[in-house]
Amino acid sequence: MRRACLASASLACLAQPALAQTGASDEDAVRKLETVAVTATRREESTLDIPASVTVLAGDIAEEASTLDGAEGVTQYLTGVEAAVANGSQVAFQIRGIGAVDHQALTPTAAAIYSDGVFLSTNVQTSLFLYDLARAEVLKGPQGTLYGRNASSGAINFISTRPSPDQDGYLRASYGNFNRVDLSGAGGAALTDRLSYRIAGRYLSQEPALDNVQTDPAIPRGPEDAGGVRDEFGLRAQLLYETPGGSSLLLRGHYEEDNGINTTPRNDSLSVGDHEISSEGDGLKDTDNEFYGLALEGQTDLGPWTLYSLSALEGYGQDYGFDFDGTPAPSGNPNLNANLSYDRSFLQLSQEVRASRDFERARVLFGAHLAYEDFAQDYLIWCGELDPQTLAGTCPYVGTAGRVGPNPVSPLTAVTLLTHIGQERTTAALFTYNDFDLSDRLTLTLGARYTFEDIEGNGYGQHIFTDGTRGLNNRDGLGGAVGQNEIEEDKLTGNAALRYALSADTSIYASVANGYKSGGFNGEVQNNATSWQDEGLFGAETVTSYEAGFKTARGNLAFNAAAFYQDYDAPQARIFVAFDLPDGSQITSNSLSNLDEAVSYGVEADTSWSPLQGLDLTASLTWLETEIEQTSNTAGNAALFDGNPLPFAPELSATLGIRQEWQIGETRRAAIQANAKAKGDYYLDAEGLEARKQDGYATVDASATLYLDARGLELSLWGRNLTDEDVAISGYGFIGYNTFRSDPRQYGVAAKMSF
């Protein structure tokens, strides 16, 4: 029996329909509940025993997630978790309101994102292409004592289906509106009695979902492709070696390509309808992205200890561009049109080891994590058409007159700005997570982490003139033109919790945890060497979280609730900040910087219920309050930010899921499944301006499936965003305000053959 599986606040999925058919007891049901989220704490234990908030997406929900456009789509099934999609493809997750909305790729996000346990260090990687997903695990609150990297808001781990000795696999084909073609498949089997493999892949293509319309009669309509094109491919291969004694070694490699076109943003000065943009398309550029990785995961027992190792390489190359100002004629003047492109490369090497042991009344875990990252980026912004040889635009780039210094290298007009950034990051950490049974019912959890980070950055800006001449960008001739700096940080964080078992299937807990996210460098416009000393720097943020929770799983019903309060110190945010120059003057820069502090508090609850055979219901609700507390008044920040909510933090969010399955013959079944999410108003950035607020809305995804079990065939009708909402998924200020938009209603048919 296949079914949807979704549960939150430390409970795994409910699997009662299958149990009801076999007459299993409530005790069996609870035992079934306990088998899903074991990797959340990296040990075999009941999810009822975890004194933290954990959400597991598995079963049919995980299968549905494997057909999403990107990992950000899983927020449809979650409350208290949102995602901002910047520049069309870079994702920053916000958990309980915490997480900077930023389009640069130099720094990790506040929510640690993992793929099969491997940390994804930049927001370029966090919109990972999902396929053959077994489950996703979401941990809310500061993290760092269990595994991986330190995180200030939480962690999400996307876990692919592992090889098994059983021969199994599937092929799936789907077709939808906007000429959407989605093909995927996976298969595996045993090669020997100890060796098995699994290969999975996916291809996705789609024509533009947004309509690029003409808004100025004097300017021709731009290309249709500005509405976004999808052309993606992914392949994963795994080889698993297992011994009779329980040791295992798993080799995993993956490769993905994205050759589509990123969606152009919409400028707020335009009068356009839902799901419409308007761009002349000068900056439109085919995406050339590739992602790759190789990991070796091993586990063995050494006496009473279990040893675990994860060695990984991750990397990508990224090249894309779009119309930066989101309008065919900024301020009514087509000569002010600005376009940008990014050319990035990234390599990450990491090694993690863990040792765990169970004692009679205690369970202990010790671990170490080491990582090295090498990042490079060329950022190009120009006006008009681009000469591919000289990289010169055809009209003056806005603002260049004040950026080329008093003695420019050419008397001609500066038309392009080229910024080069290089960064190397080394991180090392020791961590431990331990449970101590103080009595048969009372358990104390203690965890700690020590993290060291070293970040070396360097870069420079160049202006390109109409004749192709290049000059270093040295604002007003102040200071050197090439900058560099190094940041070293270390931090001790930890967590403590008490859990009390009211009964075998009900528990309460209280916890305190703190986490941090390091500071770093901004990676956009470089004015001169001082960019690496003032406006290019931002500090670390820290979060201290207090939480109390209740969870129960009895028979066909699970219910969980938690209340939390989080102190958020020095929250990172992209804001306009004034910086002093060597001559005593000031400049204002749109930079990732630090506010003074903020708070985030609320209540969340969820339930999973199977009242009848074949009927599964899930629901969740989060009430969230966030507030920025800004007392310092640098660049008027107190007036701008004090009292504002954090971005992408709706006060209310709720989900409702239903799956009804019927047996319509000995070998035929039918099912309908729907998942809805509603959320209140939220702001796109920390300034809290009414013009940058997204009104509340609700979306519904649904499917209807016929199962022909004798043939292993499934036939489905599916739909997403059935309410046809047009919403802002991120925004930025440039010649007005620009927002990236959600896709309109989508629908189609699918067929799946299992073998």
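Here are a few things to note about the model shown:
- Residue check for residue 507: without any contact (Cβ under 8 Å) to a residue 12 or more places away in the chain and either of a type in the set (S, T, N, Q) or surrounded by 17 or more Cβ atoms within 10 Å (Cβ to Cβ) (or both): no
- Residue in segment 151-165 that is surrounded by 22 or more Cβ atoms within 10 Å (Cβ to Cβ), in contact with a Ser or Thr (Cβ under 6 Å, 6 or more places away or on another chain) and among the hydrophobic types (A, V, I, L, M, F, W, C) present: yes
- Applying the set (1) touching a Ser or Thr at 6+ places or on another chain (Cβ under 9 Å); (2) not in a strand (DSSP E or B) to residue 700 leaves exactly one unmet item: (2).
- Restricting 282, 301, 288, 268 to those that are surrounded by fewer than 21 Cβ atoms within 10 Å (Cβ to Cβ), modelled with pLDDT under 95, of a type in the set (Asp, Glu) and over 20 Å from residue 318 (Cβ atoms) reduces the list to 268.
- Of all residues in segment 608-658 being touching a helix residue (DSSP H, G or I) at 6+ places or on another chain (Cβ under 7 Å) and within 18 Å of residue 77 (Cβ to Cβ), the one that is modelled with the highest pLDDT: 655
- Any hit, segment 207-223, residues being more than 24 Å from residue 62 (Cβ to Cβ), more than 28 Å from the chain's Cα centre (by Cα) and of a type in the set (Asp, Glu): yes
- Odd one out for residue 591, checked against (1) under 30 Å from residue 519 (Cβ atoms); (2) in contact with an Asp or Glu (Cβ under 6 Å, 6 or more places away or on another chain); (3) at pLDDT 95 or above; (4) of a type in the set (Ser, Thr, Tyr): (3)
- Filter result for residue 142 (closer than 30 Å to residue 518 by Cβ and modelled with pLDDT of 95 or more): yes
- Filtered by the rule that a residue be of a type in the set (A, V, I, L, M, F, W, C) and under 23 Å from the mean Cα position of the chain (by Cα), segment 706-755 gives 727, 728, 729, 740.
- Matching residues in segment 663-701 - criterion: being surrounded by fewer than 18 Cβ atoms within 10 Å (Cβ to Cβ), of a type outside the set (Asp, Glu) and either free of Cβ contacts under 8 Å to residues at least 24 places away in the same chain or within 18 Å of residue 77 (Cα to Cα) (or both): 664, 665, 672, 674, 680, 689, 693, 696, 697, 698
- For segment 362-378, residues that are touching a Leu at 6+ places or on another chain (Cβ under 7 Å) and modelled with pLDDT under 95 total 1.
- Residue satisfying all of: in segment 495-504; small (Gly, Ala, Ser) and either within 19 Å of residue 447 (Cα to Cα) or touching a Gly at 6+ places or on another chain (Cβ under 9 Å) (or both); surrounded by the most Cβ atoms within 10 Å (Cβ to Cβ) among these: 497
- Out of 326, 317, 332, sole residue that is surrounded by fewer than 22 Cβ atoms within 10 Å (Cβ to Cβ) and either at pLDDT below 95 or over 28 Å from the mean Cα position of the chain (by Cα) (or both): 332
- Filtering 146, 183, 191 for residues that are without any contact (Cβ under 8 Å) to a residue 12 or more places away in the chain and among the aliphatic types (A, V, I, L, M) leaves a single hit, 191.
- Looking at 362, 355, 338, just one residue is touching a Cys at 6+ places or on another chain (Cβ under 8 Å) and among the small types (Gly, Ala, Ser), and that residue is 338.
- Segment 636-662, subset among the small types (Gly, Ala, Ser) and in contact (Cβ under 8 Å) with a residue 60 or more places away in the chain, residue nearest to residue 686 (Cα to Cα): 649
- Only one entry in 182, 216, 193 is outside any loop (DSSP other than H, G, I, E, B) and among the acidic types (Asp, Glu), namely 182.
- Scanning segment 219-246 for residues that are within 22 Å of residue 287 (Cα to Cα) and in a strand (DSSP E or B) gives 229, 230, 231, 232, 233, 234, 235, 236.
- Test: residue in segment 345-361 that is modelled with pLDDT of 85 or more, on the phi > 0 side of the Ramachandran plot and not basic (Lys, Arg): no
- Residue within segment 604-612 that is closer than 28 Å to residue 731 by Cα and in contact (Cβ under 8 Å) with a residue 40 or more places away in the chain present: yes
- Residue tally, condition surrounded by 15 or more Cβ atoms within 10 Å (Cβ to Cβ) and in a strand (DSSP E or B), over segment 707-746: 18
- Selection over segment 243-290 of residues that are touching a Leu at 6+ places or on another chain (Cβ under 8 Å), among the small types (Gly, Ala, Ser) and closer than 22 Å to residue 745 by Cα gives a count of 1.
Residue-wise test of (1) at pLDDT below 80; (2) over 13 Å from the mean Cα position of the chain (by Cα).
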residue	(1), (2)
16	yes, yes
19	yes, yes
40	yes, yes
60	no, yes
93	no, no
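The values are calculated or read from the model by the stated rules, or taken from the named source; none is laboratory data. This structure is a prediction, so every number in the text was calculated from the model and none was measured. Please note: Cβ atoms are built from the backbone with ideal geometry, for glycine as well, and neighbour counts cover all protein chains shown.
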